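Visitor: Below: one structure in structure tokens.
The values are calculated or read from the model by the stated rules, or taken from the named source; none is laboratory data. Please read these numbers as outputs of a predicted model, since none were measured by experiment. Methodologically, a virtual Cβ is constructed for each residue, glycine included, from the backbone with ideal geometry; neighbour enumeration extends over all protein chains shown.
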Protein chains: 2
Amino acid sequence: MFRVNEHFLKLSAGYLFPEIARRVALFAAENPSVASRIIRCGIGDVTEPLPSAAADAMRKAIDDLTTRERFRGYPPPSGYDFVRAAVAEGDFRSRGCSVADDEIFLSDGSKPDASAILEILGSGNRIAITDPVYPVYADTNVMAGNSGVALEGGGYEGFTYLACTPANGFSPALPTSPVDVIYLCSPNNPTGAVLDRTALTRWVAYAREHKSVILFDAAYEAFIRDPDLPHSIYEIEGARSCAIEFRSFSKVGGFTGVRCGYTVMPKDLYATTSTGARIGLHALWMRRWATCSNGVSWPVQCATAALYSPAGRAQTRALTDFYLDNAALLADACESMGLTTYGAKNSPYVWMTCPTGLGSWDAFDLLLREAQVVTTPGAGFGRCGEGFIRISAFNSRANVEEVVKRLSVLTARHSSRAS
Amino acid sequence: MFRVNEHFLKLSAGYLFPEIARRVALFAAENPSVASRIIRCGIGDVTEPLPSAAADAMRKAIDDLTTRERFRGYPPPSGYDFVRAAVAEGDFRSRGCSVADDEIFLSDGSKPDASAILEILGSGNRIAITDPVYPVYADTNVMAGNSGVALEGGGYEGFTYLACTPANGFSPALPTSPVDVIYLCSPNNPTGAVLDRTALTRWVAYAREHKSVILFDAAYEAFIRDPDLPHSIYEIEGARSCAIEFRSFSKVGGFTGVRCGYTVMPKDLYATTSTGARIGLHALWMRRWATCSNGVSWPVQCATAALYSPAGRAQTRALTDFYLDNAALLADACESMGLTTYGAKNSPYVWMTCPTGLGSWDAFDLLLREAQVVTTPGAGFGRCGEGFIRISAFNSRANVEEVVKRLSVLTARHSSRAS
């Protein structure tokens with residue numbers, strides 16, 4: 001009799017975003033008259049057109065595929081050399097980080113990478129994740145058997161949760177008991193906080209001392225504007241021997257529908273086996289890709305390389321500037337409501353306190369019901385997210401301005417009720 | 001201290017195709033004067049231009065992405081409804097198989113699917129694979145910890161190998177001791193054999209009796225021309241409760257560089273947990289996709305749907321006909337050399353006996369050295385593949401004709417030496 005992976009059964013409720021979608025669909029069905037007014041500031045999905053440099057490169061790539069002489073079949077499992085070179089040079093070496101072309105592994109996105117990395121990590125690792133946290137880190141580890149059961153009130157037995165709160169500036173303290181695998185996301189999803197050089201240096205030192213590995217998710221790196229903030233963990237001395245970095249083109253290039261991301265797997269990163277042998281993770285990761293993937297679509301790889309051209313760089317900068325301006329507008333509106341906001345600078349997410357006395361899902365329901373604005377309840381990201389909601393700046397300017405207006409109406413309505 | 005997945009260390013040598021690439025590169029470096037003559041009939045990678053229906057759909061999809069009103073962000077994790085509907089109708093319901101739209105899960109390829117499926121299957125399953133076998137089934141199970149160590153002479157401890165030989169027409173006998181997960185590939189890679197209705201009926205009965213699950217890889221289904229041969233395992237009564245099917249657009253649509261495939265996960269397929277509960281695999285697979293993937297690129301999904309249009313169907317038929325004609329030419333040439341060939345009908349692969357007295361890698365080296373033709377040594381697919389080589393029909397007609405010519409020269413040279 002065949003068996004299934006029963007660790008899946010530990011997963012609590014649905015994945016956060018499907019649950020939000022369910023509530024929104026239910027609201028729309030029950031309130032058809034305002035259903036068309038719904039504005040989605042929940043999931044972080046881009047809205048603006050693809051940079052023309054990327055689109056042009058894809059069109060040219062499709063011409064290649066229709067021409068026998070330029071036809072491309074199976075790509076190399078980890079990406080074409082010219083794309084890996086553009087990435088390594090553009091995102092790392094040009095910033096003074098030592099990353100080789102063949103340390104770049106292209107994929108169809110950062111979420112798949114965050115899941116696939118567990119295939120090369122062993123069982124029994126003690127997992128540290130922040131609270132609040134991007135749910136994928138937790139859920140993939142539950143599915144891989146690295147947790148105990150779901151706990152009442154959120155979270156899972158067996159994980160080490162690193163609290164991120166206003167008190168610590170959403171920069172978590174080091175764990176008090178040893179951990180093996182540490183997830184750090186900066187700029188952070190959901191809080192919008194960016195780990196500074198001091199914090200990252202502390203984490204790298206911790207990882208080296210405890211022989212832990214840091215999984216550094218820099219999917220929102222392109223939104224950093226403060227010149228003092230690190231874009232990559234490899235800006236920190238020693239990180240090449242203890243950290244893997246994930247990047248995504250979803251936000252910087254408007255690629256959520258195009259699908260491309262990458263992992264940096266440094267050749268200096270070694271693990272010790274149960275028999276005491278040293279083994280390089282780069283070789284394992286290469287083997288994983290050669291065995292389990294046939295690489296990324298030719299048009300998508302061409303589009304990715306084009307983001308690093310002068311035109312591509314100007315367009316991605318304009319695109320990220322646009323969303324950052326949205327974030328500033330939304331944060332200002334929330335502050336005007338008397339709510340405290342975090343993030344929004346160097347990040348496309350506004351993380352804000354709920355109106356007094358409301359829990360996250362209450363605030364979510366209130367904003368949906370009274371303003372038809374879809375947010376993400378902070379509690380969906382962890383216990384420490386309770387009392388917060390996340391507003392995404394990924395939207396059209398018209399929608400952002402409409403949300404700002406509705407928030408001001410809502411505030412006025414509640415003030416007048418209160419007075 | 002973090003641990004890696006030490007099951008990777010059990011993997012013997014490199015993955016077959018990288019090993020072939022290594023030998024070819026070495027030969028080319030040592031024989032620069034004939035390096036440009038090398039013709040690759042090894043890996044099954046398509047050569048002909050993308051069907052114009054698919055290319056046109058991709059171009060239109062890119063226009064969508066550059067237009068705010070038609071922009072597409074994150075796709076649904078399992079594919080857009082219109083694509084899933086086109087697939088379910090075009091590949092199944094139109095052939096009398098009951099498959100619902102939401103039982104289709106689009107992915108970026110069949111190799112990733114064959115790997116990902118192990119995420120929802122439990123540990124401790126007894127794995128049955130054919131011998132010879134597409135290496136991915138074995139390697140992914142080794143990496144997942146479902147095997148023992150590599151055995152001298154090929155294969156892994158713990159797997160049940162189902163011998164496929166000329167004696168059984170490359171249609172394996174049922175296992176003599178119980179197995180839980182059964183990989184069947186039809187039309188077969190590498191032997192080119194197609195399992196007939198009687199054989200599949202026997203396997204479905206076995207799986208139902210033993211509560212096993214069949215992983216049915218039909219990546220080459222589009223090459224079947226014999227009207228009596230089943231295209232899908234769901235043509236067999238009862239398969240919906242014991243089988244998962246993998247399909248790929250790599251060969252039918254020339255998509256090796258475009259990347260799209262899919263899994264059929266029937267809602268009738270249940271497993272029993274260790275506590276005796278029944279659990280549907282469809283729900284687990286959905287959860288896997290929602291958590292670990294962001295779905296397939298918008299242009300790629302549009303291209304996929306376009307393959308089911310009247311124009312797309314005519315073009316994919318012409319494309320598969322073209323490769324089948326190549327296969328016939330190659331098989332005839334090999335038969336003229338006095339070699340016995342298999343496959344080539346209803347399949348793009350020619351599986352042939354090596355010249356007398358030669359092992360697979362010897363024959364591979366001989367053909368590379370004397371004819372500069374790259375084949376795939378049968379031994380690379382398993383012990384029962386020893387004494388065979390695979391020739392792929394995925395090539396231009398000019399190359400196929402050149403291979404035919406070289407084989408005839410080679411035969412003449414060896415006959416004259418022998419006489």
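Visitor: Mind listing whichever residues of the stretch A:208-235 are over 15 Å from A:Tyr262 (Cα atoms) and within 14 Å of chain B (Cβ to nearest Cβ)?
Guide: Result: A:Arg208, A:Glu209, A:His210, A:Lys211, A:Ser212, A:Val213, A:Ile214.
Visitor: With the requirement that a residue be of a type in the set (Ser, Thr, Tyr), within 11 Å of chain A (Cβ to nearest Cβ) and under 23 Å from A:Arg72 (Cβ atoms), what does the stretch B:32-82 give you?
Guide: Scanning the stretch B:32-82 gives B:Thr47, B:Ser52, B:Thr66.
Visitor: Show me the strands (runs of 3 or more DSSP E) entirely contained within the stretch A:309-419 in which 1 or more residues are small (Gly, Ala, Ser) and on the phi < 0 side of the Ramachandran plot.
Guide: The strands (runs of 3 or more DSSP E) meeting that bar are A:388-392.
Visitor: Which condition from (1) surrounded by 19 or more Cβ atoms within 10 Å (Cβ to Cβ); (2) of a type in the set (A, V, I, L, M, F, W, C); (3) in the same structural domain as A:Val300 (by TED's automatic domain parsing); (4) in contact (Cβ under 8 Å) with a residue 12 or more places away in the chain is the one that A:Phe82 breaks?
Guide: Evaluating A:Phe82 over (1) surrounded by 19 or more Cβ atoms within 10 Å (Cβ to Cβ); (2) of a type in the set (A, V, I, L, M, F, W, C); (3) in the same structural domain as A:Val300 (by TED's automatic domain parsing); (4) in contact (Cβ under 8 Å) with a residue 12 or more places away in the chain leaves (1) as the failure.
Visitor: Continuing with this model, one more query. Checking the structure you have, find out if any residue of the stretch A:355-377 is within 30 Å of A:Asp139 (Cβ to Cβ) and of a type in the set (Asp, Glu).
Guide: Yes - at least one qualifying residue is present in the stretch A:355-377.
Visitor: Can you pull out the residues in the stretch B:117-134 that are in contact (Cβ under 8 Å) with a residue 60 or more places away in the chain, more than 8 Å from every other protein chain (Cβ to nearest Cβ) and in a helix (DSSP H, G or I)?
Guide: Across the stretch B:117-134, the qualifying residue is only B:Ile117.
Visitor: Ok, one more. Of these, B:Arg95, B:Arg72, which one is within 23 Å of the chain's Cα centre (by Cα) and not polar (S, T, N, Q)?
Guide: Sole residue among the options that is within 23 Å of the chain's Cα centre (by Cα) and not polar (S, T, N, Q): B:Arg95.
Visitor: Let me ask something else about it. Pairs needed: first member in the stretch A:186-215, on the phi > 0 side of the Ramachandran plot and part of a loop (DSSP other than H, G, I, E, B); second member anywhere, among the hydroxyl-bearing types (Ser, Thr, Tyr) and crowded, with 24+ Cβ neighbours inside 10 Å; C-beta distance under 7 Å; at least 6 residues apart or different chains.
Guide: Short answer, once both residue conditions are applied: A:Gly192/A:Ser347; A:Gly192/A:Tyr349.
Visitor: Among the residues of the stretch A:54-94, which ones are part of a helix (DSSP H, G or I), within 28 Å of A:Ile236 (Cα to Cα) and of a type in the set (Gly, Ala, Ser)?
Guide: A:Ala85, A:Ala86, A:Ala88, A:Gly90, A:Ser94
Visitor: OK, next. Take the residues in the stretch B:292-323 that are touching a Ser or Thr at 6+ places or on another chain (Cβ under 8 Å) and either charged (D, E, K, R) or more than 9 Å from chain A (Cβ to nearest Cβ) (or both); name whichever of them is surrounded by the most Cβ atoms within 10 Å (Cβ to Cβ).
Guide: My answer is B:Leu307.
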